[in-house]
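**Student:** One structure coming up, written as structure tokens, with questions to follow.
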Amino acid sequence: MTLTIALSIVLALLFVATGAGKLFGAKASLQARDHFRMSPVLWRTIGVLEWAGALGLVVGLVTWEWVAHAATVGLGLLMVGATITRLRYDSKPTGVVVDLVLLALLITLLFLDR
């Protein structure tokens, strides 16, 4: 249970941070958006989804477990999309590795005993 709590909190913090960059227009985030040829609306939507997933991970720890499962699946799907996008636009290999590591952590979280 301790691993579930720690992993949920770490992942929630990471997705809050990446979502904040998208929502508040951090320079590096805007450069990535332009590199991936995404519209500003889609980029902000992804940021909102990252925040919603992070909130779901935390809510799932304190109340309904199914919310955490749904958030984990949703964030995992975002990471699949991120990986495909990076591969499509010939992004840096380190970005692909980070996306895949996050996806692996989300899958691990999904199957941990809650």
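**Student:** I'd like to know if the range 63-76 contains one or more residues that are under 30 Å from residue 35 (Cβ atoms) and among the charged types (D, E, K, R).
**Tutor:** Among the residues of the range 63-76, not one is under 30 Å from residue 35 (Cβ atoms) and among the charged types (D, E, K, R), which makes the answer no.
**Student:** So is residue 47 among the small types (Gly, Ala, Ser), under 16 Å from the mean Cα position of the chain (by Cα) and either modelled with pLDDT under 95 or under 22 Å from residue 104 (Cβ atoms) (or both) or not?
**Tutor:** No: the conditions fail for residue 47.
A quick yes/no check of all residues on (1) free of Cβ contacts under 8 Å to residues at least 24 places away in the same chain; (2) β-branched (Val, Ile, Thr); (3) in contact with a strand residue (DSSP E or B) (Cβ under 8 Å, 6 or more places away or on another chain):
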residue	(1), (2), (3)
36	no, no, no
45	yes, yes, no
59	yes, yes, no
62	yes, yes, no
73	no, yes, no
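**Student:** Could you go through the range 82-98 and let me know if any residue there is at positive phi and not small (Gly, Ala, Ser).
**Tutor:** yes
**Student:** Kindly provide the set of residues from the range 25-50 that are among the aliphatic types (A, V, I, L, M) and under 20 Å from residue 12 (Cα atoms), ordered by number.
**Tutor:** Within the range 25-50, the subset among the aliphatic types (A, V, I, L, M) is 26, 28, 30, 32, 38, 41-42, 46, 48-49.
Once the filter is applied, which keeps residues that are among the aliphatic types (A, V, I, L, M) and under 20 Å from residue 12 (Cα atoms), the range 25-50 yields 26, 46, 48, 49.
The values are calculated or read from the model by the stated rules, or taken from the named source; none is laboratory data. The model shown is predicted, which means the values in this text are computed figures rather than measured ones. For neighbour counting, all protein chains shown are included, and Cβ atoms are generated from backbone atoms with ideal geometry for every residue, glycine included.
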